[in-house]
Amino acid sequence: MEKHHKFSIWYVLLGFWIVLLFQHMLVTAMAIKTIPYSEFLRLLKEDKVVEVAIGADQIQGRLKDSDNPAGRGTLFRTVRVDPEISKILAEHNVTFKGELESTFVRDLMSWIVPVFMFVGIWYFAMRRIQNQQPGFMTLGKNKARIYEENELGVTFEDVAGVDEAKQELKEVVDFLKKPEKYSAIGGRIPKGILLVGPPGTGKTLLAKAVAGESKVPFFSMSGSEFVEMFVGMGAARVRDLFNQAKQKAPCIIFIDELDALGKARGIGPVAGHDEREQTLNQLLVEMDGFDPSAGVILMAATNRPEILDPALLRPGRFDRQVLVDRPDKLGREAIVKVHLRNVKTAPDVDPAEIAAMTSGMSGADLANLVNEAALLAVRNGKSEVTMAEIREAVERVIAGLEKKNRLINPEEKKIVAYHEIGHAIVAMSLPGTDPVQKITIVPRGVAALGYTMQVPTEDRFLMKRSELLNKIATLLGGRAAEKLVFEDISTGAHNDLARATDIARSMVVQYGMSEKIGQVYFAGRQNNSFLGIDEEGAKPYSPATAEMIDKEIRQIISNQFQRAVEILSSQRQALEKAAAILLEKETIEGKELAELLNDQSE
Ligand code: ADP
Ligand code: MG
Ligand code: ZN
């Protein structure tokens, strides 16, 4: 920028010089002869001068044309000389002439002074804008906040209830502290760590804790900060950020809200948002170009991993993903303890009790809750927080969250508990289904109210008919439990039904697993999975067959539903016990449930 405006001054000066030159040439072209004053006097005496215009310094005039009396005559110009001296000079026969005073400097000054004034005003105005909002003129410069380790002061102690995530990140801290240990063996630390989880669960806090524990500088920037103001700046920022970080290695680069920047390319309302794509491309380039053994670790956080560009998740980029989930009851108790450290509390305040009242709340909600209780205590003129303030604060926070539709009421919670246990018990009772690891009813996201975590034991290429049927039964287990226990069914199963129906349809029309239909492939043209619809009007079978297919699908579904109901009624006791535990603790391990089932079968 600085360079550029100096350049422009030279261009301006050159321009003026050309103008002056041009003017001079114009005068010459008009053939005005400049003659000495003595010559002028001589011509005057010889009656050769037709007319003159006398100025302060100059006399301009026209001479008689001797060849062509009617013609215009030669134009001339002469500089005035003091008449007295001229007389003497003429007597002594000296050729004399006036000096044509150069107006060049004056002309130039009359141009240059205003130009310099304008440039000056512009320069100072820019300086002021710059001071007011840094980053306006320092466009490519980075806005990343760099925290030195002692400024942050966050440690793993401050993060609670997310033990699994903490465990994974401890390895990263270890690497940053003793990189030699890893490079000696040749082990490679992940380049990028992506913290995934709902808002307010402590992702940003965890990243800071990693920096605080490993005592290295921490560059923090939000994804949305890359994409703003001017086209092309985002990419420059990314480049700058990585350059700065490399100089400060070992260090951590943290990109918060990565989704703002890393949205899959080519989707979104404005097709081809070039600026964001460029920035994202630059990020990918930088990630490929740096060597983690240099001690720069890239961390990022997002609560919408599903919209990230797949290129970001490829090996060598964000190749490790750490789930930071909403805390269960024990987790909430630990988080409450962390935040109560800074507050004076009465002896009746019991973290376990608070945890029991705050199902579904995130770490941020709990921090807010403790703060709210402290404010209430001050308002009530108390010297410490008592359980009464906590209760009131819980009500306030819950009221706020209910507006956001994030909490479920106790009756819904009960339905969800039985539903999830239903899935799990059916899965455990049938051979060939994926083992159940953990069941939880901590609400997550909008759609799924609870879930049963099943881990596939091995990658499968082929599935047997019996396995597919078992899978359908498992999917229907949730609704079967609701029907059995409440003699009513809820809307919570629609996703299960969709998946079960999908499998049943595939069995009939693709895999030839229905006896009535036979070993025929009916799926027709490949369905357009991108738009999620089958192409209409391309069915390669008759309406009668279509009816048969529908009947078969329904038959498979209802058989498996019946099977799920039978399994659950034979395990009714375990179902009740497990649901009670789940309602109490919000999570139940697969092992614990297996023990309940064994007890009953003995
Ligand atoms: P996220 O980045 O996941 O949206 P933050 O890390 O910004 O959430 O959390 C906001 C605040 O909530 C933190 O500063 C902290 O006070 C509190 N908090 C969130 N999760 C936890 C946790 N697991 N343990 C302790 N405090 C937490
Ligand atoms: Mg955050
Ligand atoms: Zn379900």
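The values are calculated or read from the model by the stated rules, or taken from the named source; none is laboratory data. This one's a predicted model, so the numbers in the text were calculated from it and none came from an experiment. FYI the Cβ positions are ideal-geometry reconstructions off the backbone, even for glycines, and counts take in every protein chain you see. These accessible areas exclude ligands, DNA and RNA; they are computed on the full protein's heavy atoms, side chains included. Shrake-Rupley method; radii C 1.70, N 1.55, O 1.52, S 1.80 Å.
Of all residues in region 329-358, those that are in contact (Cβ under 8 Å) with a residue 40 or more places away in the chain have Cβ atoms under 6 Å from Cβ atoms of residues that are away from ligand 2 (no atom under 16 Å from the Cβ) and open to solvent by 60 Å² or more (accessible area, probe 1.4 Å), 6 or more apart or on another chain, in 329/585; 344/384; 345/384; 346/384.
Any residue at all in region 401-411 that is open to solvent by less than 30 Å² (accessible area, probe 1.4 Å) and either part of a helix (DSSP H, G or I) or not assigned by TED's automatic domain parsing to the domain that holds residue 569 (or both)? Looking for residues that are open to solvent by less than 30 Å² (accessible area, probe 1.4 Å) and either part of a helix (DSSP H, G or I) or not assigned by TED's automatic domain parsing to the domain that holds residue 569 (or both), one finds at least one in region 401-411, hence yes. Specify the residue that is farthest from ligand 3 (Cβ to nearest atom); the eligible residues are those in region 283-295 that are surrounded by 15 or more Cβ atoms within 10 Å (Cβ to Cβ) and under 20 Å from the mean Cα position of the chain (by Cα). So, considering only residues that are surrounded by 15 or more Cβ atoms within 10 Å (Cβ to Cβ) and under 20 Å from the mean Cα position of the chain (by Cα), the one farthest from ligand 3 (Cβ to nearest atom) is 286. Within region 231-258, residues that are at positive phi have Cβ atoms under 8 Å from residues that are more than 16 Å from ligand 2 (Cβ to nearest atom) and not hydroxyl-bearing (Ser, Thr, Tyr) in these pairs: 232/275; 232/278, counting only partners at least 6 apart in sequence or on another chain.
Note on region 482-508: residues that are under 43 Å from the mean Cα position of the chain (by Cα) and away from ligand 3 (no atom under 14 Å from the Cβ) total 6.
Scanning region 366-381 for residues that are near ligand 1 (Cβ under 8 Å from one of its atoms) and either open to solvent by less than 20 Å² (accessible area, probe 1.4 Å) or within 22 Å of residue 409 (Cβ to Cβ) (or both) yields 366, 368.
Name, by its number, the condition in (1) in the same structural domain as residue 162 (by TED's automatic domain parsing); (2) outside any helix (DSSP H, G or I) that does not hold for residue 359. It fails just one condition, (1).
Of everything listed in (1) modelled with pLDDT under 75; (2) in contact with a Ser or Thr (Cβ under 9 Å, 6 or more places away or on another chain), the single unmet condition for residue 162 is (1). Has region 342-353 got any residue that is within 12 Å of ligand 1 (Cβ to nearest atom) and either part of a helix (DSSP H, G or I) or outside the structural domain of residue 155 (by TED's automatic domain parsing) (or both)? Within region 342-353, one or more residues are within 12 Å of ligand 1 (Cβ to nearest atom) and either part of a helix (DSSP H, G or I) or outside the structural domain of residue 155 (by TED's automatic domain parsing) (or both).
Inspect region 195-209 for any residue being open to solvent by 10 Å² or more (accessible area, probe 1.4 Å), in the same structural domain as residue 156 (by TED's automatic domain parsing) and farther than 30 Å from residue 401 by Cβ and give the result as yes or no.
The answer is no; no qualifying residue exists.
Set side by side, the residues 384, 395, 411 differ, and just one is over 17 Å from residue 329 (Cβ atoms), away from ligand 2 (no atom under 16 Å from the Cβ), over 37 Å from the mean Cα position of the chain (by Cα) and at pLDDT below 90, which is 411.
Which one is least open to solvent (accessible area, probe 1.4 Å), of the residues in region 560-580 that are of a type in the set (S, T, N, Q) and without any contact (Cβ under 8 Å) to a residue 60 or more places away in the chain? The qualifying residue least open to solvent (accessible area, probe 1.4 Å) is 570.
All conditions in (1) open to solvent by 20 Å² or more (accessible area, probe 1.4 Å); (2) within 33 Å of the chain's Cα centre (by Cα); (3) outside the structural domain of residue 158 (by TED's automatic domain parsing) hold for residue 303, with the sole exception of (3).
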